[in-house]
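The values are calculated or read from the model by the stated rules, or taken from the named source; none is laboratory data. Because the structure is predicted, anything quoted here is derived from the model rather than measured. Neighbour counts run over all protein chains shown; Cβ positions are idealised from the backbone, glycine included. Areas reflect the complete protein model, heavy atoms only, side chains present, ligands, DNA and RNA absent. Shrake-Rupley method; radii C 1.70, N 1.55, O 1.52, S 1.80 Å.
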Amino acid sequence: MKSAPWALPLAAALVSTTAFAQAPRPSEADMFGPEPPAAEGAEPAPDDRPAETELFGAPPDSTENEAPPASDSRDDRVLGSLDAPPQLSPDVAPADPLTIGGQVYLRHFSSARQGDGPSDWSFSTPTLVDAYFDARPNDRVRAYVLGRMSYDPTLADAATANQSSRQVAGTGSIQGSPSLSTLFQVPTRGPRVILDQLWLRFDLGHRVFVTAGKQHVRWGTGRFWMPSDFLHIRRRNPLDVFDARAGTTMLKFHMPVEELGWNFYAYAITESVTTTSNLGALAGAARGEFVLGTAELGLGALVQGNRAPKLQADISTGLGPFDVYAEVALRQGSEIDRVRYNPDATIAPPPPLQPWQSEAEWQQSFLRTAVDTLYPVNQRDGMKAQAVGGFTYQYQYADRDVLILGGEYFYNPLGYNDTNAYLGLVLPRSQPLVDPATFFYLGRHYGALFASLPAPFNWDLHSFTASTLGNISDQTFISRIDYTYTLLTHVRFEAFASVRYGQRAGEFRFGVTAPEIMGQTLFAFPPTAFDLGLAIRVSI
């Protein structure tokens, strides 16, 4: 078979190329030919060209003909080699620096008022969805973001909320309320999205640990009542299984003293109930935690603008078979609006309807004026001390099973002894109240008892808790049983049932008959008798 005329040169080129790639570096003589022979009797010409090692020096731990290792290159040390990512510090990122997770929390609540049939029981299905991103590029840096969406299809949508006349029932035993005034607001179904946490954490020289952003910081030792919880904008409902409050934006500095077991904290708080539009609205706080023998002591203070400082102290220790705890919070009484009922007040007749007013607006304006007259506002001078004390006791009834018992008392000088004042906290006013009392902080004296059975006997996936909370001042109580069951590892089933009893107009029953205004009773509703709840939570 005849070959193409270009086949032989091409084969030769391929062979030479392969040989060139595999052979060592050719010498100059191979590339440019041998030097011409010297004349007979002449001395060979000296090679005056200096070696590279003479010009630049030989690399350490290498021979003249060996290239320096890649790890010894300055550029590789600073910027990284082709086989490794850039590294500007000795803190190396883990293989998986980002974790993504969250939870889906489906809840179903129902409440029955005294005298209601089953068809009249309230019904709601508030759903929560959490999603978080947890980034840890190395052991000294962490960033965390948690967003929350809430949705309740049983509520009115935004388009019809203004036309709805639905009266929202008290939710004191089911879910937290920022204030009593929410009882007569019409919420919407959502979805509503909030930012629960967004913070960045790092350390300064392994001595000071900094956390900047929206975060949760809780002071105090109370289980049910938390008067020292200054760094949350809203108070927590003690019967909430899940704390759905959002965090507070702040800059936190933490300096531990490991040899003593002490911790010191400093805070710059940039978020408040209203706005923080200037430097004078910022708040600062400090706290120290000390280990003294078997006791742990905490001292804290919060200062904001021209307001009086809030002070607190808490302690927890073992006393025989009991774990005991206590906390005290000091607040200035003159900065808190209180109301009282004045049944002898004279309500002026309503002004005439103006052309620019609708009838509903005219009625609301008159109602606010009447409420201001019937429930005047006042303050108390001096520092007021809210105090909590409690205990827990564990009784081991089997090799791995315990019964947990506990009790707590709360003294609240900012609360009320007279239930007639409660309605003045609920009804709309011309000016909103400043830091008014909320659910679980209405009374002067409170008490609670509880018993918990986590994973009893062979029921390792089950848990039972029975509790009773009482407003001793108005003689109303809530007794409740909670049950949880864990199935399929990540799925948690929850159920509760509670019954309310005591005085009709008290906090935990909250039956209301509004006073007559101009010879007409505005509204009335009977007290709540019991509550039921079911929930399923999936956490990842």
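Working note: Karplus 6.51/-1.76/1.60 with θ = phi - 60° gives segment 376-393 the couplings x, 9, 8, 10, 10, 7, x, 6, 10, 9, 8, 10, 10, x, x, 8, 9, 9 Hz, where Gly and Pro are set to x. Once the chain from Glu258 to Ser110 is taken as fully extended at 0.36 nm per residue, the excess over their C-alpha distance is 48.3 nm.
Summarise the accessible area of segment 406-521 (1.4 Å probe, protein heavy atoms) by the percent that is carbon and sulfur. Could you put the intermediate results ahead of the total?
On the way: 3060 of 5070 Å².
Solvent-exposed carbon and sulfur of segment 406-521 make up 60 percent of the total.
Accessible area per residue was computed with a 1.4 Å probe on protein heavy atoms; Lys252 scores about 30 Å². Computed from label points 7 Å out along Cα-Cβ, the spacing between Leu282 and Glu335 is 1.8 nm.
Quick one: length gained pulling Asp381 to Trp356 fully straight, 0.36 nm per residue minus the C-alpha distance? Walk me through the numbers before you get to the answer.
On the way: separation 25, 0.36 × 25 = 9.00 nm, distance 4.23 nm.
Working it through step by step, the gained length comes to 4.8 nm.
Each principal axis of segment 399-447 carries a Cα extent, and these read 62, 19, 16 Å when sorted largest first.
If R0 is 22 Å, the Cβ-Cβ spacing of Asp139 and Ala266 corresponds to a FRET efficiency of close to 0.40. Can you work out the FRET efficiency for the pair Ile472 and Ser119, with r the C-beta to C-beta distance and R0 = 22 Å, to the nearest 0.05? So the FRET efficiency works out to roughly 0.05. The three principal axes of the Cα atoms in segment 329-435 give end-to-end lengths of 78, 33, 24 Å, sorted in falling order. For the pair Val499 and Ser539, label points projected 7 Å from Cα toward Cβ lie 3.2 nm apart. Relative to its residue count, segment 452-493 spans a Cα convex hull of 68 Å³ per residue.
At a Förster distance of 51 Å, what's the computed FRET efficiency of Leu319 paired with Arg368, Cβ-Cβ distance as r, to 0.05?
Numbers: r = 52 Å, r/R0 = 1.02.
With R0 = 51 Å, the Cβ-Cβ based efficiency is 0.45.
If you model segment 395-540 as an ellipsoid using its alpha carbon gyration tensor, with each semi-axis the square root of five times an eigenvalue, the axes come out at 38, 18, 14 Å, biggest first.
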